[in-house]
Amino acid sequence: MPTLVNYSGDDEFYSGGSFYPNPMDLGCLFSIVSQVDVYCPPSKRPRISAPFIFGRNELEQDKKPSIEVLPDECLFEIFRRLDGGKEKSSCACVSKRWLMLLSSIRKAEICHELPVSNDVDMVTGDEDQDLESDGYLSRCLEGKKATDIRLAAIAVGTSSCGGLGKLSIRGSNSLRGVTNLGLSSIAHGCPSLKALTLWNVPYIGDDGLSEIAKGCNLLEKLDLCQCPTISNKALIAIAENCPNLTSLNIESCSKIGNEGLEAIGRLCPKLHSVSIKDCPLVRDHGVSNLLSTASMLSKVKLQSVNITDFSLAVIGHYGKAITNLVLSGLQNVSEKGFWVMGNAQGLQKLTSLTVTSCRGITDVSLEAIGKGCINLKQMCLRKCCFVSNNGMVAFAKAAGSLECLQLEECNRVTLSGIVGALSNCGTKLKSLTLVKCMGIRDMALGFAMPSPCTSLRSLSVRYCPGFGTASLAMVGKLCPQIQHVDLSGLCGITDPGLLPLLESCEAGLVKVNLSGCFNITDDVILALARLHGGTLELLNLEGCRKITDASLVAIADNCLLLNDLDVSKCAITDSGVAVLSRAEQLSLQVLSLSGCSKVSNKSIPFLEKLGKTLVGLNVQHCNSISSSTVELLLDSLWKCDILS
C-alpha cells in the first residue's frame, strides 16, 4: 500500500508479468472500466506480444449505447428534468420504452429547477408550462389507429404545441386496443384536456377514467358510449375531481347507475347538459337526485331508461332552468307522469320538447303540457300513437308561444286535426312539419274554411302518401304567407293540386323541394318561375321524370336569385344545360345533374361557363359523360367541388 501511494509515475515497469494471465480476463476489466469512473495515474503502455481476444458478449455490449443500461428509475429521473416539450418529443422518438416512460410522468413530478443567471432573465418552468398548455388542440383516433402507443405519442407531442383540449377515441384496435395504460398517458401529459369522448372501448375501465379525473381537473365535457367496464366508481371520481364539468353523455354503459349520477349532481355545480340512453342500472333514484341537485341543468335527454312517473314529476317540479327536453322510449311512464310534469308549473323556461315512442303522451297529457309550459316554442312528437285530433287542437289552443310543430308517424292525426291546429295556434306558428303520418288523407271538411294562419312561413309534408291534391289546395288557402315548401316523396301530388298553392303564396317562395313528386310536369315549373322567380333561391326537382328542358328555359329567363338547382334523374338534355349557361343574370352555386342520362360530353363547354360561379357540381351516374371528360372538367373547374 505505501508503494502505491508513493508512486511517482516514472518509467519503471512491473516485471512480474500481466495482472491477469488470461487475456480474456483483461478484456472483462476493460469492459468494466469503460462504464465506471476510476482514477488512472499516467504511465507508459506496456508492449504486448500476443493479440487480445475479446469475447462475443463483450463486443455486443460495447455496441449498445451506454444509457440503455440504466434502469427505468434512472431514465425517469433524467426525463423529468427535461426543460421543454421539444426535448421531450425528441427523446420520445428514440424507442417505445422512452416514449412510455415520458408519457408516465405526471405534471407534479416534473422538475422545474433551472439555472438562473444574474445577467439574463430566465423564464421559470411554471411560466413555460402555462404557455404550452392552453388546450386548443384536438385529436381523434378511430378503429385500428386507436392504440396505447398513439395515445402516449399524443400526450408527449401536444405538450409543446398548445396542449390537448379535445380527445375522441372511437373504436379500438382488435389486437392492440386502447387500455387504461394509454388513457393514463393522456391523464399524465395533458392537464389541459377539456373534452373527452370514449366510444366502444371495452378495455378502458375505472382505473383509466379515474386517472383522467385526477390529472385533468379542467375537464368540461365527457361522452361515454358502449363502455362496458366503466362503472359508478369512475363517474364518482370525475365528480370529485372535475368541478368544471358542464356536459355529460352516457349511452349503453351497463355498469353505470344511480350512485354515479347522484355524485355528478351533487359535486358538479356547473353541469348544464346531460344525456342518458340505454343504461339498465339507471333508475328513478339516480335521475331524480341528479335533476333535483343540478340547479343549472338546461338540456336533458332521457332515452330508453327504466324510470317511472316519479322522475317526470321531479322534472316538472325542479326543472326550472331546463330549456331543451328530449324524452324517448320511456315505456314505464304513463299518462299521469306527463300530466304531472305539465301541471307542476316548473318548466317555465322550456322552449323545446321532443317526445318519441312514449305511450304516456295522450290527448289529456298533451294539453297539460301546453298549459304548463307557457314559453314552449318547438314541439316534436314521434310515434305517439295515442295522440288524436282532439289532443292536437287542444294543445294548439293552450301553447300560445308555439312557433314550430313537427309530427312524425302520429297516425291517429288526420287532416281535420291539422286544419284545426293551424286555425287555433295563434299568431306565432312559423313552421309545420308532417312526416309519414298515414292518417292524413284527402277528405272533404264538414265545416266552413277557418280563418287563415298568416304567421306560417314553412310547410314540410314528407312521405305522407294520403296527402294529395285536395289536402295541398286546402293547406295552401290556409297559409298564404308560406315561403319554404318541402313536399318530398308525395307521389300523389299533381299539377292541379300544386298550382293553387303557388298562386296563393303572397310573400314569394324562397325554397321549394319537390323531390320524388314524379307526377308534376313543366307546367308547374313554368308557373313557379313566373310567379316566384324574383324570390326563389333553392329548387329541388330530383326524380321528377316529366321535367324537361322547357323548365330550364323558364328558370333561366325568370329566376334572378336562384343559387341551388337540383334536376337529378330528370329528362334534361345538353340543350337545357346550354340554356342555363347563357343566362346572364343567373349565378348558380350548386348544380346537380346526377342520373341525367341525356347529358353528354357536349355539355362540358356549358358547364365550364357555369363554373365561374359554381362551388358544387354533381355529375354522378351521367353515363353519357366519359371519365376522360370528367378529368378535363376537374382541371378547368379546380375551385369547384365535383362529384363524378
**Study point:** Descending semi-axes in whole angstrom, ellipsoid equivalent of the stretch 406-514, from the Cα gyration tensor
**Key:** 18, 17, 14
Point to revise | Rh (Kirkwood; distinct C-alpha pairs) - the stretch 354-473, Å | key: 14.1 Å
Check your understanding: Can you list the residues, at least 5 places off or on another chain, whose amide H is less than 5 Å from the amide H of T548, using H built in the peptide plane?
Key -> D522
Revision key, fill the gap. With DSSP loop assignment and no more than 15 other C-beta atoms within 10 Å, the trypsin sites (Lys or Arg not before Pro) in the stretch 155-220 are R176
Point to revise | Per-peptide average of other Cβ atoms within 10 Å, ordering 630-643, 356-369 highest first | key: 356-369, 630-643
Study note, to complete from the structure: Interchain or sequence-distant (5+) residues whose placed amide H lies within less than 5 Å of the amide H of C596 are K569
Point to revise | Listed residue (L330, H317, T362) projecting farthest to the positive dipole end of the stretch 308-440, Cβ model | key: H317
Practice item. Determine, for each peptide in 260-273, 610-623, the mean count of other beta carbons within 10 angstrom over its residues, then list the peptides with the highest first. Key: 260-273, 610-623
**Study point:** Phi to ³J(HN,Hα) by Karplus 6.51 cos²θ - 1.76 cosθ + 1.60 over the stretch 314-322, Hz, x for Gly, Pro
**Key:** 5, 4, x, 8, 9, x, 6, 9, 6
Point to revise | Calculated FRET value between S628 and Q585, using beta carbons and R₀ = 25 Å, to 0.05 | key: 0.15
Practice item. Report, ordered by chain and residue number, the lysines lying within cross-link reach of K612, taken as a straight Cα distance under 19 Å and ignoring same-chain residues fewer than 8 apart. Key: K602, K639
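What is the packing order of peptides 549-556, 531-538, taking the mean over residues of other C-beta atoms within 10 Å and listing the highest first?
Peptide ranking by packing, descending: 549-556, 531-538.
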Practice item. Go ahead and run the numbers for FRET between K349 and K145, Cβ-Cβ distance against an R0 of 35 Å, rounding to 0.05. Key: 0.25
Practice item. Starting from the Cα of M296, move 7 Å in the Cα-to-Cβ direction to define the label point; list residues of the stretch 239-278 whose amide nitrogen is under 11 Å from there. Key: 243-247, 268-273
Practice item. Taking 7 Å along the Cα-to-C-beta vector as the label spot, tell me the R530-S455 distance in nanometres, rounded to one decimal. Key: 3.5 nm
Point to revise | Options S431, V485, S515, ranked by Cα towards positive dipole end of the stretch 418-554, top entry (Cβ charges) | key: S431
**Study point:** Spin-label zone in the stretch 207-240 - amide nitrogen under 19 Å from a point set 7 Å from the Cα of S168 along the C-beta vector
**Key:** 219-227
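Would you mind classifying the stretch 296-431 by shape? Square roots of the alpha carbon gyration tensor eigenvalues, ordered a ≥ b ≥ c; an a/c under 1.5 is rounded, otherwise it is prolate if a/b is larger than b/c and oblate if not.
Cα axes put the stretch 296-431 in the oblate bin.
Quick one: if the Förster radius is 30 Å, what FRET efficiency do D641 and K477 give, using the C-beta to C-beta distance and rounding to 0.05?
Using R0 = 30 Å, I get an efficiency of 0.15.
Values quoted throughout were computed directly from the atomic coordinates according to the rules given, and no laboratory measurement underlies them. Just so we're clear, the structure is a prediction, and the values are computed from it rather than from any experiment. Cβ sites come from the backbone with ideal geometry, for glycine too, and all protein chains shown count toward neighbours.
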